[in-house]
Amino acid sequence: MQLRAGNQPVKILQDISFEVFPDQVVTIVGPSGSGKSTLLGLLAGLDRPTQGSIRIDQTEITTLTETEMAHFRRKHIGYVFQAFHLIPTLTALENVALPLELQGISTGQSRAKALLQSVGLEHRLHHYPIQLSGGEQQRVALARAFITQPPLLLADEPTGNLDSTTGAMVIDLLWELHQQHGSTLVLVTHDELLAARAQRILTLRDGAIVNETMQPLSSSIPGT
Amino acid sequence: MIPVSFKLAWREITSAWSRFLFLFLCIALGVGAIVAVDLFAANVEQVILGDARALLGGDVELSWRRAITDKSRGVLNSLSDRGILVSHVTELAAMATVDIPDNQVPLTETASQLVELKATDSPYPLYGRLVVEPDHPAEQLLASLQSDCRRSPCFGALAQESLLIRLNLTVGSELRIGQANFLITAVLKKEPDRIADGFSLGPRVMISREALEATTLVKTGSRIQERYRLKINNSFSLEPLMDELRGHLSQEGVQVSSFRDAQPRLRRFLDQLNLYLGLIGLTILLVGGIGVACTIQGFITQKIPIIATLKTLGADSSQVIRLYLTQSLFLGGIGSLLGGILGVALHRGLPLFLQGIIPETMPMNPTIVPILRGIALGIIATLAFSLWPLLAIRHVSPALVFRQAIDQSQTMAQFRSRVTRWGTLFKHWWNDRTRVLVSVIIVGGVTGLAMWQAHSLTLGLFFSGACALAVLLLLGGTGVLYSILRHVQFPQRYLLRHAVNNLQRPGNFTTAMTLAIGIGVMLMTTLTTVQRSLLELIGNQIPSNAPSFFFIDIQPDQHPQFVRVLKQRFPDSPYDLVPVVRSRLTAINGQPINPEAHKGQRNGWYFTREYVLTTFRILPKDNILTHGHWWDDTKEHVSDGATNKPSDLPLVSMEEEAAKNLGLTLGSTLTLDIQGISFMATVSSLRQVDWSNFSMNFFMILEPGALDGAPLTYIATTRVPKTSEVPLQQAIVAAMPNVTAINVGDVLENIARIFRQLAMGIQALALLCLMTGAVVMIAAISINRYRRLFDLAILKALGGGRSLLLFSLGMEFGLIGAFAGLVGLGLGCLLSWSILHFFFDLTWTFDPIILIMGLLLTIVLTLMTGFLSTYRLLGFPPLSVLRQE
């Protein structure tokens, strides 16, 4: 992956190759600027690599057109951002229902309601993002990411903007949802405790994978 | 259930109403102008079509200007035998006089006034209603009144209020017209067969046919207009009857028209007026469209984070574009609705500018169709102008979501700066099929709008072509000025360079502001220049030796009397007195002319008009001989056959333009019909005539003696000082009541007044265009106000005082005004020159004062607009601004 800064190409990621299996939880760790977020963005098809190949569920996503990528994303990928990125002019319920509507499913509201209930926000359905706390906003974002039941869920420092208690709550929830829906989960994080809960940890430095750790399954079960 | 995307659109709009204020205004001004004009056009249509029979005075009208043969009279008389109701109306100009009792002198003074006399019979009006006050039957009001007047014969007469005011009369006063006396029995409020009296020579007086005879004004050669109106049974079909009448009467110069072509000239005039006003309205809408494009672009730039988020959620570009297009159309719809309301309000104000041109009783009620049409035009314009900025949505990468640190406006800026060079711009455009398609939609949309507004394919194409050319020239012209400015070194002028750079940095709206202001200035300059030239033609260019009066219908036996009265009272006044006779052209080179075939043609007027013939021994002054020879003025034409000319025909000298249009050359023969008698002449010379000298000018001049024996009358012109005009008119009319005096100054004043009124209306619309330009500028400035706020904060933080900041802003807005103004004025000059040169055949004069004033006013306007929309930014404390950023 190259980006251009002025006329100088900057290589952000190079010689990265890895495979993630269904239902796996993978965390990507590494110092700032190591290319973690870029990698996640590439996986989500938000950006394009200058070279290389990314396959998700048999689909080579680097060759998809912008529209094809959007359609692929709405069916296969959920994304949770560090900064939540809820739409400020929509209520919690509407934010969660939006991805379904983009797919042309009009019964989204009842499913969204159920999902918000499962993240403990049944009393906040009609609040706007600005009326919600950070933790609540991220829970809405989680519900939004899961509503399409995507096979792949990507989360970019989901606790980065939250205090540690709220962060822990959000992580528990993320794990719960992962288990309920059976999505493959790829997480980028600074948080070593959070990283330790994954089955597999990839460590990135200067755009390359420098370490990969596999963990016994048991450690990924919350509360143990 | 309401879709979430709809709620999203709705809330984005409702959370920022104030931002869209200018968008509403931009659309509303354009739509308002178009709706007002169209409502008026609908009213005109209503009046002309709805009352077509009343306006014509019947189902069919037969009209002519001179005596007709017995055979034709027989045809007319047979009409009533066929169950057709006939009404005979005669119209002519005449002098009305009143005695003013003077207590000091035993004699009475007389006051006189030119009136338009109309004699009617009892079936009149066949359609519609005559409105008079007091409201009595016309027959009773016009009846012969032997006992009520001081002199006999005496009849009742209806007079327009303006006559009563001018001669200080009331109902019950007496007047004298020709040899008859009249008692004014009622005020004439409305004639169903007269649409407006703006173009008349004087107030209307209506009398009976019996009374007309008593005036003895109708003599051979008098200037009269006869009208036979027919009311036909429904069972009769119109066309066969009209064909039959045309067959019998056309060759005698009788015009046969049906109610379907009532008021053709007024209709054409109003159609043209509506067309021009409508196109100015469309121009305003297009200028407003620039404001729409700016507002939408600013809006989209601000919404980039949300667009990126939507894309990460799997929305594709077309979904997002649809979402924002719906918003734009909704906003445009609201603006158009407001425009509809504004249009109705403007429409109410229209009669102010159209007094005398439209009937006072014309209904000015708004109808629904023009309003709906205006709203549709507004929405189409919104669509065309918001599509382009909306296309930028495709270039918003979803990756922006996690690259928050990057300035949100940069993707747009990057895209824009990549394509600033023309070559790359074109390549980019061509490679982007969607953009090509959208360009086609926009061009097609604007052209379609123009065609719809002009009701004509060619005119619509011409208008949109002219718009495109104007846009290119404006952008090209200002582009050259900016590049000159960039390459000039201003060593100590950092702020000037800052202003220039600011106008050209990515994400600027300089182009939009330049176009919006420039088009307004161009329109204003064009209209002012054209109007000034036309008014000058009417008013200022009247030569000092132009006559003050035309006297018409002087009978041959009154010729010496006329000269005597003139010499006695005004011995120093120069005068011209020539014999004339009216004629019609019936054949050229032996080929008969069919007047019907030439109707409606561009040069048709030359074939169907009436020609006033006269004789001159020597070439009149201001006439220049261009071809052939003037006749030998020592020889008299001898009609007994002892002539040395081979053709044996009298010679005629033709006016050049008329000859060209009639296809005449030297040696061509003309056959004219003079009061039913055929008369032939050979073209012996062509003349150039200066029509603007307001003297007696003739299309056809015959050699001396050629008209001997014809039923001649005389017309005279004379010039007296302004103060002597009234005494002269009164002296002539007192001595010869049948002679009609036409005051040249009054007539021209009348024309100029109507023209000025119209010009004011047109200019009010042009002003609206300039206003829209200012609104576009405010809209464009307000979009970038946060960036400007940041710039100002930095300048402040660096120690810039308020005056420095003002100077910096003034520099920027002043430059926009100066450049847009300069190029707009230049284009205005070009356009007005073309209009004057090609349409009016007038010379264009350069008036530096108007141009300099125009430029200064534009700069002042842009400075004021700019300061008005930025002055509040000056007050913000810099620290809070910089921290927020």
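The values are calculated or read from the model by the stated rules, or taken from the named source; none is laboratory data. Note that the coordinates shown come from a computational prediction; the quantities given were computed from them, not determined experimentally. Quick reminder, even Gly has a Cβ in these numbers, built from the backbone with ideal geometry, and neighbours come from all protein chains shown.
Residues that are more than 12 Å from every other protein chain (Cβ to nearest Cβ), at negative phi and not hydrophobic (A, V, I, L, M, F, W, C) occur in the range B:308-324; there is at least one. Restricting attention to the range A:95-110 and to residues that are in contact (Cβ under 8 Å) with a residue 12 or more places away in the chain and more than 21 Å from A:Leu162 (Cα to Cα), the residue that is surrounded by the most Cβ atoms within 10 Å (Cβ to Cβ) turns out to be A:Ala97. Run B:Tyr786 past the list (1) of a type in the set (Phe, Trp, Tyr); (2) more than 30 Å from B:Ile850 (Cβ to Cβ); (3) crowded, with 20+ Cβ neighbours inside 10 Å and report the number of the one that doesn't hold. Every condition holds for B:Tyr786 apart from (3). Per the listing A:Ser32, A:Ser37, the residue uniquely more than 9 Å from every other protein chain (Cβ to nearest Cβ) and of a type in the set (S, T, N, Q) is A:Ser32.
On the basis of being crowded, with 18+ Cβ neighbours inside 10 Å, at pLDDT below 90 and under 44 Å from the mean Cα position of the chain (by Cα), does B:Ser834 make the cut? No; evaluated as a whole, the condition is false for this residue.
Checking each residue in the range B:56-74 for being touching a Leu at 6+ places or on another chain (Cβ under 9 Å) and at pLDDT below 80 picks out only B:Ile68. Residue-level check: of (1) in a loop (DSSP other than H, G, I, E, B); (2) in contact with a strand residue (DSSP E or B) (Cβ under 6 Å, 6 or more places away or on another chain); (3) more than 26 Å from A:His127 (Cα to Cα), A:Leu40 misses just (1). Total residues in the range A:94-103 satisfying the condition of being farther than 11 Å from A:Val140 by Cβ and either of a type in the set (Ser, Thr, Tyr) or more than 8 Å from chain B (Cβ to nearest Cβ) (or both): the figure is 1. A search for C-beta distances below 6 Å between a residue of the range A:67-93 that is without any contact (Cβ under 8 Å) to a residue 40 or more places away in the chain and more than 7 Å from every other protein chain (Cβ to nearest Cβ) and any residue that is part of a helix (DSSP H, G or I) and not aromatic (Phe, Trp, Tyr), counting only pairs 6+ apart in sequence or on different chains, returns A:Leu93/A:Ala112.
For the criterion of being among the β-branched types (Val, Ile, Thr), within 14 Å of chain B (Cβ to nearest Cβ) and either under 22 Å from A:Asp206 (Cβ atoms) or loosely packed, with under 14 Cβ neighbours inside 10 Å (or both), A:Thr50 passes.
Identify all residues within the range B:233-256 that are crowded, with 17+ Cβ neighbours inside 10 Å, at pLDDT below 85 and either assigned by TED's automatic domain parsing to the domain that holds B:Ser678 or under 21 Å from B:Tyr124 (Cα atoms) (or both); write none if there are none. Of everything in the range B:233-256, those that are crowded, with 17+ Cβ neighbours inside 10 Å, at pLDDT below 85 and either assigned by TED's automatic domain parsing to the domain that holds B:Ser678 or under 21 Å from B:Tyr124 (Cα atoms) (or both) turn out to be B:Val254, B:Gln255.
Hey, among B:Phe20, B:Phe24, B:Phe40, which residue is more than 14 Å from every other protein chain (Cβ to nearest Cβ), buried (at least 19 other Cβ atoms within 10 Å of the Cβ) and over 33 Å from the mean Cα position of the chain (by Cα)?
Numbers: B:Phe24 fails: over 33 Å from the mean Cα position of the chain (by Cα); B:Phe40 fails: over 33 Å from the mean Cα position of the chain (by Cα).
B:Phe20 is the lone residue from the list that is more than 14 Å from every other protein chain (Cβ to nearest Cβ), buried (at least 19 other Cβ atoms within 10 Å of the Cβ) and over 33 Å from the mean Cα position of the chain (by Cα).
Note on the range A:91-156: enclosed helices (runs of 4 or more DSSP H) holding 3 or more residues that are within 15 Å of A:Arg74 (Cα to Cα) and at pLDDT below 90 are A:92-102.
Selection within the range B:844-885: residues that are polar (S, T, N, Q) and touching a residue at least 60 places away in the same chain (Cβ under 8 Å). The member of this set that is surrounded by the fewest Cβ atoms within 10 Å (Cβ to Cβ) is B:Thr845. Only one of the numbered conditions (1) touching a Ser or Thr at 6+ places or on another chain (Cβ under 7 Å); (2) part of a loop (DSSP other than H, G, I, E, B) is violated by B:Gly202, and that is (1). Take A:His190 and tell me if it is away from chain B (no Cβ under 14 Å) and at pLDDT 90 or above. When the stated conditions are applied, A:His190 does not pass them. Checking the condition over 18 Å from the mean Cα position of the chain (by Cα) and within 12 Å of chain B (Cβ to nearest Cβ), which residue from A:Gln117, A:Gln109 passes? The unique qualifying residue is A:Gln109. If the condition is being among the charged types (D, E, K, R), loosely packed, with under 13 Cβ neighbours inside 10 Å and closer than 17 Å to B:Ala731 by Cα, then the range B:543-576 contributes B:Arg564, B:Lys567, B:Asp572.
Looking only at the range B:149-179, which residues are in a loop (DSSP other than H, G, I, E, B) and touching a Leu at 6+ places or on another chain (Cβ under 6 Å)?
The initial filter retains those residues of the range B:149-179 that are in a loop (DSSP other than H, G, I, E, B), namely B:149-153, B:167-173, B:178-179.
Residues satisfying the conditions are B:Cys149, B:Gly178.
The set of residues from the range B:132-191 being surrounded by 16 or more Cβ atoms within 10 Å (Cβ to Cβ), closer than 17 Å to B:Asp99 by Cα and among the acidic types (Asp, Glu) comprises just one member, B:Glu174.
Where in the range B:262-366 are the helices (runs of 4 or more DSSP H), entirely inside, with at least 2 residues that are surrounded by fewer than 16 Cβ atoms within 10 Å (Cβ to Cβ)?
Correct list: B:264-302, B:317-349.
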